[in-house]
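See below for the structure under consideration.
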Amino acid sequence: MAQDITLKVAGKPYRLSAATPEMEQLMRLAAQDVTAMVTKFDARFPDSSPEDKLVFVAIQEAAGKLSAQKKMARLVEEVQALEGDVAAYLDGMKK
């Protein structure tokens with residue numbers, strides 16, 4: 001059952017629903033992470049609007065996600081290649 005929670009991001013409260021306790025914990029950690037990044041952008045770009053700083057955070061996080069997806073795809077390819085090598089080795093052992 002979803003649980004309603006309130007998260008504070010960059011000083012502003014947001015009401016959200018968390019499907020599980022684990023998701024609630026992840027959402028709280030994410031809110032802390034976003035707030036920390038906004039604080040860094042506050043120092044670097046003091047004249048930028050809060051919305052602009054949130055866009056900076058979103059772009060940074062999206063780029064990180066895309067990078068992780070590419071790395072995961074490469075790892076999956078490596079695992080598949082290793083599975084092929086192991087299968088070939090085992091087939092050679094049978095002969």
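Filtering the range 37-63 to residues that are among the basic types (Lys, Arg) and surrounded by 17 or more Cβ atoms within 10 Å (Cβ to Cβ) leaves only Lys53. More than 21 Å from the chain's Cα centre (by Cα) and of a type in the set (Gly, Ala, Ser) - does that describe any residue in the range 15-36? Checked the range 15-36: no residue is more than 21 Å from the chain's Cα centre (by Cα) and of a type in the set (Gly, Ala, Ser). Looking at this structure, is Val34 of a type in the set (A, V, I, L, M, F, W, C), part of a helix (DSSP H, G or I), surrounded by 10 or more Cβ atoms within 10 Å (Cβ to Cβ) and in contact with a helix residue (DSSP H, G or I) (Cβ under 9 Å, 6 or more places away or on another chain)? Yes; evaluated as a whole, the condition is true for this residue. Answer yes or no as to whether Thr6 is free of Cβ contacts under 8 Å to residues at least 12 places away in the same chain and in contact with a Pro (Cβ under 9 Å, 6 or more places away or on another chain). In short, yes.
Yes or no: the range 4-19 includes at least one residue that is outside any strand (DSSP E or B), modelled with pLDDT under 95 and surrounded by fewer than 11 Cβ atoms within 10 Å (Cβ to Cβ).
yes
The values are calculated or read from the model by the stated rules, or taken from the named source; none is laboratory data. Given the structure is predicted, the values throughout are model-derived calculations rather than measurements. As a convention, Cβ positions derive from the backbone with ideal geometry for all residues, glycine included, and neighbour counts pool all protein chains shown.
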